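Data block below; observations after.
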Amino acid sequence: MSAGSAPVGTTHTLSDPAPPAPAPTASAPPAPALPAPAPTAVAPAGSGDAHGARPGAAGTADAVPPGSWSAGPPVAWQQPEPDRLTRLVVRLYDRSPRWAVPLAALGCVGAGMAYALVSGPTTSDPDAPPSCLLKLTTGLDCPGCGGTRALWYLLHADLPAAARHHFLFVFAVPFLAYLFVAWAGRQAFGWRLPELRLSSPVIGGFLAVWMAFSVLRNLPWAPFTALYV
């Protein structure tokens, strides 16, 4: 073997080009990271509603969003125990016949009429007991002053004199009487009379007129002095 010859066992000479590098292979893009599942809140035992169902869809144990539960089970509000007098009244009402309450209300109305007839408010002194505290101390007519005298005149069929003492009371008496008859008849006998519907604006307007009447009747100038009783 000469000095310039290649050693035995070699596969290439120094002048041979280097073997080509392997071509890079296309790699798939990295998979996006999945978000961690949100923690679910488990309702404490006994915290369902009155039928045993938990919040969420009916009959399912749905996950409750975090923060929607306070610490510990909710505290249910309990109605206070009624006192003995309330229990007695409720027991008597349940056991009494249905005409008993209208009869008791009619007795109260009759007692008021009897008092107006017996007391003689048209002939008694202004300061005779029982007297209006406002009129006794200030001399001013209150919103109800003259009502007893107006009722006395109504019971004696003297409509002008009744209106002179309290014409708003005289105006309201037919409506109050019909409301009472309709309510008592329905409670005691099952009557179905046409309902008298008084809307809130109507009631508010009547109260406003009543308060204006209470102010005007105390003015010391004519013709308002004619309203003073």
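Read the figures in this text as sums done on the coordinates, not as results from a lab. Since the structure is predicted, the reported quantities are computational estimates derived from the model, not experimental observations. Glycine also receives a Cβ, built like all others from the backbone with ideal geometry; neighbour counts cover every protein chain displayed.
Using 10 Å bins from zero, what percent of all Cα-Cα pairs in region 87-181 falls into each bin? Bin by bin from 0 Å, the calculated values are 14, 36, 28, 16, 6.
Among the trypsin sites (Lys or Arg not before Pro) found in region 130-228, those both in a DSSP coil and sparsely packed, with 10 or fewer other Cβ atoms within 10 Å of their Cβ, are Arg192, Arg197. For the peptides 97-110, 166-179, the ranking by packing is 166-179, 97-110, with the highest mean count of neighbouring Cβ atoms within 10 Å listed first.
The mean of 1/r over all distinct Cα pairs in region 128-229, once inverted, gives the Kirkwood hydrodynamic radius of 15.6 Å.
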